[in-house]
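Participant: Pasting a structure below so you can have a look.
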Amino acid sequence: MSKDNKFRFEIRTPVNQLTTAKTIDIDIYGVVTNGKSWWDDDTGASNVIDQLRNLDETQDIVLHINSVGGEVSAGVSIYNRLRALRNKKSVIIEGLAASIASVIAMAGDEIHMALGSEMMIHNPSSYAFGEADDFEKAAESLRKTKESLIDIYEQRTGLSRDELATMMDNETWLTAKEAKEKGFCTSVDESLQMVACRKGTNLIVNGLAFAQDEVRGLPIDIYQEEKGDIMTVEELREHHTDVYNAIFNKGVEAERERIKALDGINNSARAEVVNKAKYETFATVNDVAVELLNLEPVADEPAVPTNQLQAIITDALQSSNTIDAVPITTPVELTEDDKALQLVNRVMDRMAQYKR
């Protein structure tokens with residue numbers, strides 16, 4: 001089991017709301033394990049159940065499941081302990097409920113499957129080591145485990161034991177609609193949708209990575225490979241015309257605003273810089289404002305000392321709220337271009353006054 005598939009059985013609802021929340025949300029994600037994982041991270045299953053036992057019976061429990069299954073003993077234990085709770089329990093299968101995770105799902109009084117989600121039931125399996133008698137004991141144990149799982153499925157679905165046994169023999173994958181038809185869930189929630197894709201050796205289901213060898217039997221090819229290729233302009237225009245047009249029109253609007261802002265600071269003395277920005281460098285009004293402020297004075301004009309120029313700019317900044325102010329009743333939110341335009345014009349006005 002990869003670390004990405006670590007079992008998560010935890011309460012989503014904040015601890016300080018457990019006694020007051022009408023609904024308590026629980027996540028059952030990843031690969032179901034018993035006790036501790038390979039990284040010595042306590043799954044917290046017993047702690048979660050103990051906290052749920054302390055709830056008021058009027059509080060509802062919602063179990064969110066996205067799991068490929070795991071250890072049978074852990075899953076059956078979770079199922080039985082959840083069933084023992086008197087609270088109303090609703091299950092939402094958000095992605096996968098495979099193997100023993102499908103058994104945990106049966107603990108719900110209601111079972112809702114997201115559109116596109118899937119459920120899988122199959123025969124239990126295990127590893128055995130030793131002599132012939134050891135293998136025979138292991139086989140007998142698996143047969144009894146299968147019968148126990150059929151008991152749970154039968155109680156929920158009402159299907160015959162023979163039909164359930166055949167489905168388990170064939171490792172049956174069910175779509176949400178098929179699961180409803182067979183009685184494995186009570187509804188298909190079209191307001192929720194599973195999102196899945198293949199990435200390398202993993203299947204990504206609603207953002208959770210599962211190693212593909214842990215979802216044997218699932219028709220992996222139905223999920224598209226996640227691609228990192230960048231779509232060309234031509235592809236965007238051909239396949240997503242609405243998006244292309246929206247982006248194009250936004251660009252046109254932005255360019256018009258840029259030209260308008262540049263025209264606002266243009267005059268005969270500044271024409272060369274402004275026109276170059278319009279049609280060659282495509283600079284913003286902010287960049288042009290900086291360039292104009294840094295221009296060397298022409299030969300027939302008295303030079304403005306650097307410290308004096310700085311004083312003029314500082315004066316313009318400090319007077320930005322008082323010079324040429326027009327009383328208004330509704331505050332106006334100025335854009336960065338508007339602010340740059342005002343600053344340039346104030347500085348130029350101060351420089352003109354200095355020259356006089």
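The values are calculated or read from the model by the stated rules, or taken from the named source; none is laboratory data. All values derive from a computational prediction rather than experimental measurement. No Cβ is skipped: glycine too gets one built from the backbone with ideal geometry, and neighbour counts run over all protein chains shown.
Participant: Considering only residues that are part of a helix (DSSP H, G or I) and not assigned by TED's automatic domain parsing to the domain that holds Tyr29, which ones fall in the range 99-138?
Facilitator: Applying the first criterion (part of a helix (DSSP H, G or I)) to the range 99-138 yields 100-105, 132-138.
Ala132, Asp133, Asp134, Phe135, Glu136, Lys137, Ala138, listed by residue number.
Participant: Assess whether Asp109 counts as being exposed (fewer than 14 other Cβ atoms within 10 Å of the Cβ), free of Cβ contacts under 8 Å to residues at least 60 places away in the same chain, under 16 Å from Arg156 (Cα atoms) and of a type in the set (D, E, K, R).
Facilitator: On the way: exposed (fewer than 14 other Cβ atoms within 10 Å of the Cβ): yes; free of Cβ contacts under 8 Å to residues at least 60 places away in the same chain: yes; under 16 Å from Arg156 (Cα atoms): yes; of a type in the set (D, E, K, R): yes.
Spelling it out, Asp109 is indeed exposed (fewer than 14 other Cβ atoms within 10 Å of the Cβ), free of Cβ contacts under 8 Å to residues at least 60 places away in the same chain, under 16 Å from Arg156 (Cα atoms) and of a type in the set (D, E, K, R).
Participant: Now, a different point. Please count how many residues of the range 72-91 are part of a helix (DSSP H, G or I) and surrounded by fewer than 22 Cβ atoms within 10 Å (Cβ to Cβ). Full working, then the answer.
Facilitator: First, pick out the residues of the range 72-91 that are part of a helix (DSSP H, G or I): 72-83.
Okay, now just the ones that are also surrounded by fewer than 22 Cβ atoms within 10 Å (Cβ to Cβ), so 72-74, 76-77, 79-81, 83.
Residues in the range 72-91 being part of a helix (DSSP H, G or I) and surrounded by fewer than 22 Cβ atoms within 10 Å (Cβ to Cβ): 9 in total.
To keep it simple, each residue is scored yes or no on (1) closer than 18 Å to Asp189 by Cα; (2) free of Cβ contacts under 8 Å to residues at least 12 places away in the same chain; (3) part of a helix (DSSP H, G or I).
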site	(1), (2), (3)
Asn16	no, yes, yes
Ile49	no, no, yes
His64	yes, no, no
Ala97	yes, no, no
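Participant: Let me ask something additional. Any residue in the range 120-132 that's touching a residue at least 12 places away in the same chain (Cβ under 8 Å): show its pairings with residues that are in a helix (DSSP H, G or I) and β-branched (Val, Ile, Thr) at Cβ separation under 9 Å, as long as the two are six or more apart or on different chains.
Facilitator: Matching pairs, first to second residue: Ile121/Val103; Asn123/Thr145; Pro124/Val72; Pro124/Ile100; Pro124/Thr145; Ser125/Val72; Ser126/Val72; Ser126/Thr145.
Participant: Say whether the condition of being over 29 Å from Ile11 (Cβ atoms) and of a type in the set (Asp, Glu) is met by at least one residue in the range 155-166.
Facilitator: Looking through the range 155-166, at least one residue is over 29 Å from Ile11 (Cβ atoms) and of a type in the set (Asp, Glu).
Participant: Quick one: is Asp4 modelled with pLDDT under 90, surrounded by 12 or more Cβ atoms within 10 Å (Cβ to Cβ) and not in a strand (DSSP E or B)?
Facilitator: For Asp4, the condition - modelled with pLDDT under 90, surrounded by 12 or more Cβ atoms within 10 Å (Cβ to Cβ) and not in a strand (DSSP E or B) - is met.
Participant: Another question about this same structure. Of the residues that sit in the range 125-151 and are farther than 22 Å from Ala74 by Cα and surrounded by fewer than 11 Cβ atoms within 10 Å (Cβ to Cβ), which one is nearest to the chain's Cα centre (by Cα)?
Facilitator: Step one: list which residues in the range 125-151 are farther than 22 Å from Ala74 by Cα, which gives 130-136.
If we keep only those that are surrounded by fewer than 11 Cβ atoms within 10 Å (Cβ to Cβ) too, we end up with 130-133.
Values: Gly130: 47, Glu131: 50, Ala132: 51, Asp133: 51 Å.
The extreme case among them is Gly130.
Participant: Only one of these is buried (at least 22 other Cβ atoms within 10 Å of the Cβ) and among the acidic types (Asp, Glu): Glu94, Glu154. Name it.
Facilitator: On the way: Glu154 fails: buried (at least 22 other Cβ atoms within 10 Å of the Cβ).
The conditions single out Glu94.
Participant: I'm trying to understand the selection: among the residues of the range 112-121, which are surrounded by fewer than 24 Cβ atoms within 10 Å (Cβ to Cβ) and over 19 Å from Val72 (Cα atoms)? Break it down into steps so the answer makes sense when it comes.
Facilitator: From the range 112-121, those surrounded by fewer than 24 Cβ atoms within 10 Å (Cβ to Cβ) are 112, 114-116, 120; that's our starting set.
Result: His112, Ala114, Leu115, Gly116.
Participant: Read through the list (1) of a type in the set (Asp, Glu); (2) modelled with pLDDT of 95 or more; (3) on the phi > 0 side of the Ramachandran plot, then give the number of the only condition that Asp151 fails.
Facilitator: Tallying (1) of a type in the set (Asp, Glu); (2) modelled with pLDDT of 95 or more; (3) on the phi > 0 side of the Ramachandran plot, Asp151 fails exactly one: (3).
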